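Here's the structure we're looking at; comments come further down.
Rule-based calculations on the coordinates, nothing more; no lab input. Owing to the predicted nature of the structure, the values given are computational and were not obtained by experimental measurement. Because the Cβ atoms are built from the backbone with ideal geometry, glycine has one as well, and the counts that use them run over all protein chains shown.
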Amino acid sequence: MEGQIREIEQKSIKEINEAKNLKELNDLRVKYLGKKGELTTILRGMGGLTPEERPKIGSLVNVVKANLEKIIQERETKYQEEELNKKLEEETIDITLPSTKTKRGSKHPINRVIEEIEDLFVSMGYDVEVGPELETDEFCFERLNLPKGHPARDMQDSFYITNEYLLRTQTSAVQARTMLANEEKTPIRMICAGKTYRREDDATHSHQFGQVEGLVIDKKENNVSLADLKGTLEIFVRKLIGENLSLRFRPSYFPFTEPSYEVDVTCFKCGGKGCPLCKQTGWIEILGAGIVHPNVLKMNGYDPEKFGGFAFGTGLDRLAMFKYGITDMRYLYTNDVRFLKQFDRKD
Ligand code: DAH
């Protein structure tokens, strides 16, 4: 029996050394050491041995089994290492390869202008307000002293969604919202920039455009005056478009301000000498402004005997055009990447 065991040992070692992979090794483990393996079968047949032989054969089988297990494990470790090394080699990443370029977007020129205006006014103590683009007739017109049927409504051709709802034609609607929401009726300094809509579409107008609105209301005794309005707008224009620019106030009409003005700025192209851009006048109109009308104060909860202030509004598109020297308004809305990527700067 000892000879038989040694024979199995020789045979299995040979086969283990010839095994080509982990699977073959495992098959051999089953074949020789498994429950139905050749060595186990021998152990089972020990019943026919003499009592002296039994422990000798038993321990021999165990020694051989342990030896085989050791050899199998050594081979297994070798194959596992080889497999891992192969994988590592195959899966190395060449970090020197150039990466695929992802295209980065850039801030739209109008958003740049909005951010700059907001920063400037926040630095002067203003709050930034927002209002809905789908606005009610009440806030867009009525509370701004433009009752239904008022002829001045004709200046703003509107998109009505229902009889009561329209796409706001002016950010002035946010004036009324801010006043009414301020239940304590404390002084107001606010700026609001956003989208506005009118039914017009040609080379110099777009059905969607941007406006920025400003409103200051304070107690009468603080005397918020036209001089404050002018000083504020001068800072605004000089910081945003160019130092050394002057302002000119021309009397005008807006239903929510009295007196009302259209505000011109020195033509930044010719410096005021006269050129095709300013139609030889030396001035370019940029703003509407005035002293808040008593009716507007009253309708939105402020006693006109006790409070007063100024308001102004302007188009963001024109400001962006002046600031960046953009010649055609349509560039701002046609999403031409060649145009937009020129604003991809860190500033
Ligand atoms: N909302 C006016 C418009 O769209 C502009 C404007 C004029 C705003 C005078 C004002 C203002 O706040 O006081 O034409």
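Data overview
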| item | result |
| --- | --- |
| Dipole in debye (nearest 20) - the stretch 219-347, about Cα centre, beta carbon charges: Lys, Arg +1; Asp, Glu -1 | 380 |
| LYS306 paired with GLU74, simple spin-label distance in nm, labels 7 Å along Cα-to-beta-carbon | 10.1 |
| Shape category assigned to the chain from the gyration tensor of Cα positions, a/c cut at 1.5 | prolate |
| Taking the chain and dividing mean pair separation by its residue count, relative contact order in percent (alpha carbons under 8 Å, at least six apart) | 15 |
| Over 21 Å (Cα to Cα) - which of LYS65/LYS87; LYS101/LYS341; LYS230/LYS298; LYS195/LYS306; LYS107/LYS230 fall in this group | LYS65/LYS87; LYS230/LYS298; LYS195/LYS306; LYS107/LYS230 |
| Gain in span if fully extended, LYS87 to LYS230, counting 0.36 nm per residue against the direct Cα distance | 44.0 nm |
| FRET efficiency, 1/(1 + (r/R0)^6) with R0 22 Å, evaluated for VAL63 and ASN26 via beta carbons | 0.50 |
| Max mean-square fluctuation residue, GNM over the chain, Cα-Cα springs under 10 Å, options ALA227, ALA320, ALA66 | ALA66 |
| Distance-filtered residues of the stretch 207-230 - backbone nitrogen under 12 Å, label point 7 angstrom along PHE159 Cα→Cβ | 207-209 |
| Prolate/oblate/rounded call for the stretch 61-180, Cα gyration tensor, a/c under 1.5 rounded | prolate |
| Overall form of the stretch 186-251 per C-alpha gyration tensor (a/c, 1.5; a/b vs b/c) | oblate |
| Estimated vicinal HN-Hα couplings, Hz - the stretch 92-108 in sequence order (Karplus 6.51, -1.76, 1.60; Gly, Pro = x) | 5, 9, 8, 6, 8, 5, x, 7, 6, 6, 8, 7, 9, x, 9, 5, 5 |
| Kyte-Doolittle mean at least -0.5, axial Cα span of 20 Å or more - DSSP H helices of the chain | 109-123, 226-240 |
| 222 nm mean residue ellipticity, helices alone, for the chain (DSSP H n ≥ 4; -39,500 (n - 2.57); rounded to 500) | -12500 deg cm²/dmol |
| Euclidean distance of C-alpha centroids, the stretch 234-310 and the stretch 152-166, integer Å | 25 |
| Pair LEU180, ASP119: separation of 7 Å Cα→Cβ label points (nm) | 3.5 |
